[in-house]
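A.B. asks: Have a look at this one.
The values are calculated or read from the model by the stated rules, or taken from the named source; none is laboratory data. Please read all numbers here as calculations on a predicted model, not as lab measurements. Positions of Cβ are generated from backbone atoms using ideal geometry, with glycine treated the same way; all protein chains shown enter the neighbour counts.
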Amino acid sequence: MREIEEFEYIRGGSIHRITTGTPIKTGSWRVFRPLLDQGLCNSCKLCFWLCPDSCIIFEKKNVQINYEYCKGCGICAHECPKKAITMEREEAKS
Ligand code: SF4
Ligand code: SF4
């Protein structure tokens with residue numbers, strides 16, 4: 001096996017975008033959608049930091065969910081310390 005020389009490094013994968021979902025709209029295939037109760041939210045921003053698709057937005061301390069890109073994974077609802085987000089099944093589309 002060849003030894004790695006000083007300053008040489010092995011190229012691995014590289015991340016070009018912070019979010020995975022930006023180019024992929026999910027509206028037609030999401031099964032569950034997160035619903036927010038603003039009255040329970042304390043604006044801790046945990047959902048904002050943990051959403052894998054960066055589709056939770058804060059505007060003037062109000063949480064908003066961008067449903068065009070939300071894939072309904074439920075991480076925000078699971079991690080919300082105030083239980084302000086619940087997951088509801090999308091209405092069946094015919
Ligand atoms: S994690 Fe819950 S309480 Fe915190 S900002 Fe998000 S919705 Fe609000
Ligand atoms: S369910 Fe919540 S965590 Fe998952 S993509 Fe949608 S907003 Fe982000």
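A.B. asks: Taking SER28 and the conditions (1) modelled with pLDDT of 85 or more; (2) in contact with a Lys or Arg (Cβ under 9 Å, 6 or more places away or on another chain), which numbered condition does it fall short on, given that it satisfies the others?
C.D. replies: Of the numbered conditions (1) modelled with pLDDT of 85 or more; (2) in contact with a Lys or Arg (Cβ under 9 Å, 6 or more places away or on another chain), the odd one out for SER28 is (1).
A.B. asks: Follow-up. Name every residue in region 53-65 that is of a type outside the set (A, V, I, L, M) and surrounded by 15 or more Cβ atoms within 10 Å (Cβ to Cβ), in order of residue number.
C.D. replies: Selection gives ASP53, SER54, CYS55.
A.B. asks: For region 42-84, name all the residues that are within 15 Å of ARG30 (Cβ to Cβ) and either among the acidic types (Asp, Glu) or more than 7 Å from ligand 2 (Cβ to nearest atom) (or both).
C.D. replies: Selection gives ASP53, ASN66, TYR67, GLU68, TYR69.
A.B. asks: Quick check on my filter: what residues within region 75-89 are in contact (Cβ under 8 Å) with a residue 40 or more places away in the chain and either of a type in the set (Ser, Thr, Tyr) or surrounded by 15 or more Cβ atoms within 10 Å (Cβ to Cβ) (or both)?
C.D. replies: CYS76, ALA77, ALA84, ILE85, THR86, MET87
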